[in-house]
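Accompanying notes for the structure given below.
Read-outs throughout are calculated quantities, based only on the coordinates presented, and are distinct from any laboratory measurement. Since the model is a prediction, treat every value here as computed from it, not as a measurement. Please note: Cβ atoms are built from the backbone with ideal geometry, for glycine as well, and neighbour counts cover all protein chains shown.
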Amino acid sequence: MLSRVWSASLVGIDAVKVGVEVDVAGGLPGMVVVGLPDAAVQESRERVRAALKNAGYLVPMRKIVINLTPADLKKEGPSFDLPISIGILAASEQVSTAQFDQTLLLGEVSLDGSLRPVAGVLAIAAAAEKLGIQRLVVPIDNAREAAVVQGVQVYGFKTLSEVTDFLNQPDRYQPTVLDRKEELVRSWVNRLDLKDVKGQSHARRALEIAAAGGHNLIFVGPPGSGKTMLARRLPGILPRLDFEEALEVTQIHSVAGLLKERGSLIGDRPFRSPHHSASGPSLVGGGSFPKPGEISLAHRGVLFLDELTEFKRDVLEFLRQPLEDGHVTISRTRQSVSFPAKFMLVASTNPCPCGYFGDPVQPCTCSPRQREQYWAKLSGPLMDRIDLQVAVNRLKPEEITQQQTGEASASIRDRVETARDRARQRFQDCQLHCNAEMQSRHLRQWCPLDATTSTLLENAIRKLGLSARATDRILKVARTIADLAGVATIQTSHVAEAIQYRTIDRMQ
């Protein structure tokens with residue numbers, strides 16, 4: 001007898017509907033899986049056989065052929081265990097097939113018949129809703145994740161027996177219901193607070209500008225000056241994720257298999273801090289079955305690269321295109337996958353190999369040649385894409401010993417959200433979220449300069465040798481400074497402040 005069960009396979013952060021066809025016919029006993037299955041899918045034959053037997057079902061002693069359609073799509077992972085199991089039971093007339101047409105199943109099956117969670121359920125739920133699928137059957141640990149998507153009924157089960165009972169008597173079960181707003185609020189986490197940072201008013205101002213406009217930022221200073229401490233407190237002053245942004249971020253983490261540690265919905269902006277030994281594929285994504293890398297996991301959040309100059313130069317060059325385009329495309333022989341990558345790049349580095357170039361207390365022991373080689377690791381095009389380049393100096397003794405705390409993150413976030421609201425009103429007719437995403441045509445429309453301000457900018461271009469891209473970055477930062485000041489037009493003081501954040505473009 002022939003049966004067909006519906007499941008899904010991930011392609012990037014999207015999902016494709018997959019038909020699981022099972023044919024039980026005459027011939028030598030055995031089980032064959034066709035349709036470009038990977039090793040994990042091939043191994044499902046033994047898992048499914050043991051699970052059905054231990055759950056009390058009859059495994060037909062006949063030839064079982066399992067076909068995964070479409071046949072030209074590579075199938076991976078253990079999520080096909082459940083649909084294969086149900087397909088075998090349906091083909092051997094041990095379960096009702098009345099609910100099959102509008103039901104999509106996925107889940108890993110243990111040898112005792114219990115269901116284990118799988119990755120990418122949120123992406124599959126979103127695809128099921130678009131396809132008009134009415135019901136989604138998943139392991140109980142994936143139920144709340146899938147229930148984030150409205151428009152599809154999600155049923156979570158612990159064992160294979162519960163799934164068959166549901167298919168035979170669906171009216172006995174209720175779908176999982178999730179309050180999305182409550183889940184979003186519950187998922188917010190308490191971030192590190194800027195009030196813990198002593199001094200560094202200039203760097204704190206740069207953080208506020210970066211948060212208000214979504215700008216990239218680099219801190220340069222000697223060891224112990226507070227670069228990492230400042231960077232790790234940036235998420236605390238960023239605006240909260242709205243639901244659509246939270247859904248994007250959660251979907252990426254779900255595909256990467258990282259959602260279990262974050263809950264069913266991610267409400268706080270991601271903060272990713274890979275080690276400087278990270279490879280290019282781990283940073284931008286890759287693999288035979290492409291998975292999102294660190295830049296995609298930082299989507300709508302912050303990618304922090306501590307000790308930037310310790311990263312390999314070729315790895316850093318991978319960042320150039322995603323920083324400009326907001327997404328990364330990974331091409332393989334059979335498919336090309338695109339991952340979103342709209343993140344804020346925040347980096348820190350020492351000014352030289354010994355770390356003390358320009359320090360008023362500790363003398364630098366590096367030669368000019370060593371400093372030149374040190375900064376040669378950072379290419380001009382990459383530095384052009386960093387909007388705010390800030391020198392962080394050593395704290396004064398009186399600043400270290402002072403008991404008074406700085407301004408709290410909550411009050412700074414209020415100003416940031418106000419500035420972002422102004423930008424949002426300006427961008428209501430286009431697909432922009434912040435000033436950093438503006439293109440040249442937007443700069444002509446929203447960043448006009450008077451004669452005095454234009455002259456100031458021209459002089460800065462000549463003196464600092466700025467490129468056209470760096471000049472555009474100055475205008476974007478000036479637009480953000482104007483938003484923070486609550487004024488509609490960019491003034492000379494705003495451009496002057498933006499220019500000072502380009503003074504270490506090529507530090508020697």
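Of note:
- Projected label points at Lys463 and Val177, each 7 Å from Cα along the beta carbon direction, are separated by 6.6 nanometres.
- Prolate/oblate/rounded label for the chain (Cα gyration tensor, a/c 1.5): prolate
- Note that the range 167-179 has calculated 3J(HN,Hα) couplings of 5, 7, 9, x, 5, 7, 10, 10, x, 6, 10, 10, 7 Hz, one per residue in order, obtained from phi through the Karplus relation 6.51 cos²θ - 1.76 cosθ + 1.60 (θ = phi - 60°); glycine and proline are x.
- Rounded to the nearest whole Hz, the Karplus-based 3J(HN,Hα) values (6.51 cos²θ - 1.76 cosθ + 1.60, θ = phi - 60°) of the range 98-105 follow the sequence 5, 9, 5, 4, 10, 10, 10, 10, with x at glycine and proline.
- Ranked packing of 5-17, 373-385, 73-85, most packed first, by mean Cβ within 10 Å: 73-85, 5-17, 373-385
- For the range 431-508, the percent of C-alpha pairs falling in each 5 Å distance bin, counted from 0 to the bin holding the largest distance, reads 3, 16, 29, 26, 17, 7, 2, 0.
- CD proxy at 222 nm, helix term only [per DSSP H run n ≥ 4: -39500 (n - 2.57); per residue of the chain; nearest 500]: -11000 deg cm²/dmol
- Pairs exceeding 18 Å between alpha-carbon atoms, taken from Lys74/Lys291; Lys227/Lys396; Lys130/Lys260; Lys377/Lys463: Lys130/Lys260; Lys377/Lys463.
- Shape category assigned to the range 65-155 from the gyration tensor of Cα positions, a/c cut at 1.5: rounded
- Amide H within-cut-off set for Val18, under 5 Å, with H built and near neighbours excluded: Ser7, Ala8, Ser9
- Once the Cα-Cα distance is subtracted from the 0.36 nm per residue extended length, the Ser454 to Asp141 segment shows a gain of 106.8 nm.
- Sorted on the mean count of surrounding Cβ atoms within 10 Å across their residues, most packed first, peptides 232-245, 310-323 read 232-245, 310-323.
- Cα→Cβ-extended label distance, 7 Å offset, between Gln402 and Ser282, nm: 4.0 nm
- Taking the Cα centre of the chain as origin and assigning +1 to Lys and Arg Cβ atoms and -1 to Asp and Glu Cβ atoms, the resulting dipole is close to 920 debye.
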